[in-house]
Amino acid sequence: MKLFLLLIATLLLLPQLQAATVPHGTVVLIKGNVKIQERPRTILQKGDYISQGETIVTASSSLIKVSFPNASTIFLGPNSSVKLFMLEEKGTNLINLLKGQIEAQYQKNPDGKGLKAIVKTNTAALGVRGTQFLVTYNPVNNITSSVTFEGHVSLIKNQKRWNDICSQSASSCTKVLDQALQKTHLAQIIPAGGMSQVFPQQFRPSIPVALNKAQFISLVINSPIHQDRPTSQSVNFEALPAVTKEGRRSGGIIDLKTSLYLEPGEGAILNKKTNQFQARGEVGKISLQTGEYIPPTGWKMNPNGNFERDKAQDPIHGQNPNHWIRISNGENDNKRPLPPAVPNLGKILHKKMLQNNCSQNSPCQPKIPGQDLIENGGIKFFAFPRAIVRLRAVP
Amino acid sequence: MKFFLIFILANLLLGSLSFAQDSDTLANAFKEQADSYAESELYDEAIGQYQQAADAAFNQELKHKIMLSIEHAKLKKIELNKEHNWDFTFGQSAFYDSNVLRQGPESQQTGTQKASPGTVTNLYQSYAKSFSKIHALQQQLGLIYNRYTDRAHSNIYSNDSLQGSFSFSYLWLHLFMRTKAQARYEVFADYSLQDYEGKNTLRYFSKDYGINLIESIQTSQSHDLIFAVRIQKYDNENRENGLTTITPSLSSSLKTSSGNTIYQSLESQFITGEVSTNDSRVYQYQISYIRYLGDNLSITPYLQFQLQDTKEQKDTRGTESNYLGGLSSSYKFSKKWSFDSSLVHRRRYSKEKTLYTYYQTLLQLGASYEF
């Protein structure tokens, strides 16, 4: 009997002991449908452990925040997947972003030396010392984009052979990527407020470009990681040129779903105060709740950067957003023809909209204030002409 | 325990302070972008960014400032898009009236029980000028000539008329209880000539003048609530037919997700006659649905229902009811030209059946040209 009880107690304690010994992360926030690929039957809850080698998968409208013993936190957004390759309390952590978006915060090592973590995707690797950043990876177009919220991040393009090494050994992978990230001719350092991308066809990551200020602030203040910060901490970013040496314009918007950068294009204006370009036309807006890019009503963007009519919704504005923005996918960027300036749409705009150049954000305006009261029906019954002596033309 | 509560409260306070600070930082970023668009006269883009700034702003003072910037950008956009502030429209239409009504105040109209075709010629002019971010003036002049083609019956062509209308309005955009609102304060006057003696000569028939006070409050992006009061004095060539009318009304204009408009209005007319037998009260409800089909065509079905308390004439006329249903459409076939049509059917019921009970169907087709 004693032996049996001992066995039961051991069995009960074993997972706890195992969890205590195997490096792991702890779930601190979870919403929606989040699973561990290796343990599909486990229903994750706040406080659960996720061990080294496990893969977290989030469904749409789901998210998870995981903290690690080395005072770091990652936040995985919807439709994302990440594998926790190696979690060491004192060494370099290795995280593999398989798809989607990840935000992470790492505290600097006390001596300020050595990488705290490497976040890799199929096409890129990021070296992290002490910083807060966002990485997105879209497996359809194979583009990795990274935005630094705080501190600096170094970004390199991943080589195929490194991926082969990584698929065999986590420690060898860390070593190879660590060495590569030290090589300045391969890496791009992304300062706070900057964004860099890795394209499959290009050898080096793009030169960091300043992200649209409003989107940057919205991304930072809405980040679940940022919400843990001291209240006095403000949003900071470093000054970057209005146009990079590669000719890319600052002030563009990143689409987290496709990992594409929507660069201000045709007719963009330069804001002298922010030193950023601003796109013309109806190109969509930025969510105040998440910082994500929202395409104009009735349009959706493909991972190849082309906008298409959303069949579920009629566009309020007929102009194809591609006319006003440039989207790099790494190949033949300058040869892409602009879509025509004249909208070619069927049923969308009604008379008043056409006449007054209305748009989603700028609903039809009267010729002078109050004119709509007269023109838009109804009120003319009692406004003009007056009701009591009815003129023949009314109603 | 006290310390714990203080700690909790302090945390909540700091949290909300931080939220406010973040929101205003974001609002200022949008505003900066909007200002830059506005400087470049890209008002559509500016309004979009200002709108996001207003949505993000936590500080009410900042929000108010942004709202004013939105209105300013809208006015600037209007000025930019408009080459001139003048409007001239000429319209010509033909109609068929199944029961020609004797002209006069609506509450006293009677049917002739005779049908006639006819023509209507319209001239309309308006001038508008906004002279600051939130103030504007508008002047309107209208001239309408009605002519019946039945020249055999004097009780038909005695309704030939020429009416002139003038109005002058002051418009003011403002915040009403922190909600966007616009006011219109209008003075107006009408003067009409009519061949009321059936001598093929137009002579002075009536005039009226008064004020309109309208406050339109934007309760949401798609809904306006409109309060209005009209005070009107009406004089007729027969002094006994003079009236003073006070008309309060409440209206609602709802824009549907497809861009169409549903308009409803409730009004009551308090009519006091020069002669007390002309006193009456009119209660009216109307609903119209402005439907846009494609880019250039709009169709508006509408219904109107009236109840009229005839006061001292109650013994003979009773409480009268007036039902009106119609369908109007407008098709813009070029930048300047549009084709308009309307079909109205009216039924009026009264205790006094000979004069005040009548049915009328009116079909009108016409074209107008905007200069």
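The values are calculated or read from the model by the stated rules, or taken from the named source; none is laboratory data. Please read these numbers as outputs of a predicted model, since none were measured by experiment. Here the Cβ is made from the backbone with ideal geometry for all residues, glycine too, and neighbour counts use every protein chain on show.
The table below lists the values:
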item: Filtered residues of the stretch B:269-287 (kept if in contact with a Gly (Cβ under 6 Å, 6 or more places away or on another chain) and either facing chain A (nearest Cβ under 8 Å) or more than 20 Å from B:Glu320 (Cβ to Cβ) (or both)); result: B:Glu274
item: Enumeration of residues in the stretch B:55-68 that are buried (at least 21 other Cβ atoms within 10 Å of the Cβ) and within 13 Å of chain A (Cβ to nearest Cβ); result: B:Ala56, B:Ala57
item: Scope the stretch A:274-311; condition facing chain B (nearest Cβ under 10 Å), among the aliphatic types (A, V, I, L, M) and under 26 Å from A:Pro139 (Cβ atoms); matching residues; result: A:Val283, A:Ile286
item: Tally of residues being over 17 Å from B:Met177 (Cβ atoms) and modelled with pLDDT of 85 or more across the stretch B:215-229; result: 2
item: Selection count where residues are away from chain A (no Cβ under 11 Å) and among the aliphatic types (A, V, I, L, M), scope the stretch B:163-186; result: 2
item: Residues of the stretch A:68-116 satisfying the condition of being among the polar types (S, T, N, Q), modelled with pLDDT of 90 or more and surrounded by fewer than 23 Cβ atoms within 10 Å (Cβ to Cβ); result: A:Asn79, A:Ser81
item: Matching residues in the stretch B:315-362 - criterion: being of a type in the set (Asp, Glu) and crowded, with 16+ Cβ neighbours inside 10 Å; result: B:Glu320, B:Asp340
item: Single match in B:Tyr196, B:Tyr209, B:Tyr234, B:Tyr204 (criterion: closer than 28 Å to B:Gln163 by Cβ, assigned to a loop (DSSP other than H, G, I, E, B) and touching a residue at least 24 places away in the same chain (Cβ under 8 Å)); result: B:Tyr196
item: Top-ranked residue of the stretch A:121-152 - restricted to ones that are modelled with pLDDT of 90 or more and outside any strand (DSSP E or B), ranked as surrounded by the most Cβ atoms within 10 Å (Cβ to Cβ); result: A:Thr121
item: Test for A:Gln215: is it within 18 Å of the chain's Cα centre (by Cα), within 22 Å of A:Ile95 (Cβ to Cβ), crowded, with 18+ Cβ neighbours inside 10 Å and of a type outside the set (A, V, I, L, M); result: no
item: Flag for A:Asn320 being buried (at least 22 other Cβ atoms within 10 Å of the Cβ) and of a type outside the set (Phe, Trp, Tyr); result: yes
item: Some residue of the stretch A:200-212 being touching a residue at least 24 places away in the same chain (Cβ under 8 Å), under 15 Å from the mean Cα position of the chain (by Cα) and surrounded by fewer than 21 Cβ atoms within 10 Å (Cβ to Cβ); result: no
item: Options B:Asn99, B:Asn122, B:Asn146; residue that is assigned by TED's automatic domain parsing to the domain that holds B:Glu240, closer than 30 Å to B:Lys314 by Cβ and modelled with pLDDT of 85 or more; result: B:Asn99
item: Residue identified as more than 10 Å from chain A (Cβ to nearest Cβ) and either on the phi > 0 side of the Ramachandran plot or surrounded by 21 or more Cβ atoms within 10 Å (Cβ to Cβ) (or both) among B:Tyr148, B:Tyr204; result: B:Tyr148
item: Whichever residue in the stretch A:241-268 is among the acidic types (Asp, Glu) and assigned to a loop (DSSP other than H, G, I, E, B) and, among such residues, is surrounded by the fewest Cβ atoms within 10 Å (Cβ to Cβ); result: A:Glu246
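Here is a yes/no grid of residues against (1) assigned to a helix (DSSP H, G or I); (2) within 27 Å of the chain's Cα centre (by Cα); (3) modelled with pLDDT of 85 or more; (4) not assigned by TED's automatic domain parsing to the domain that holds B:Glu240:
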residue	(1), (2), (3), (4)
B:Lys31	yes, no, yes, yes
B:Gln52	yes, no, yes, yes
B:His64	yes, no, yes, yes
B:His72	yes, yes, yes, yes
B:Phe90	no, yes, yes, no
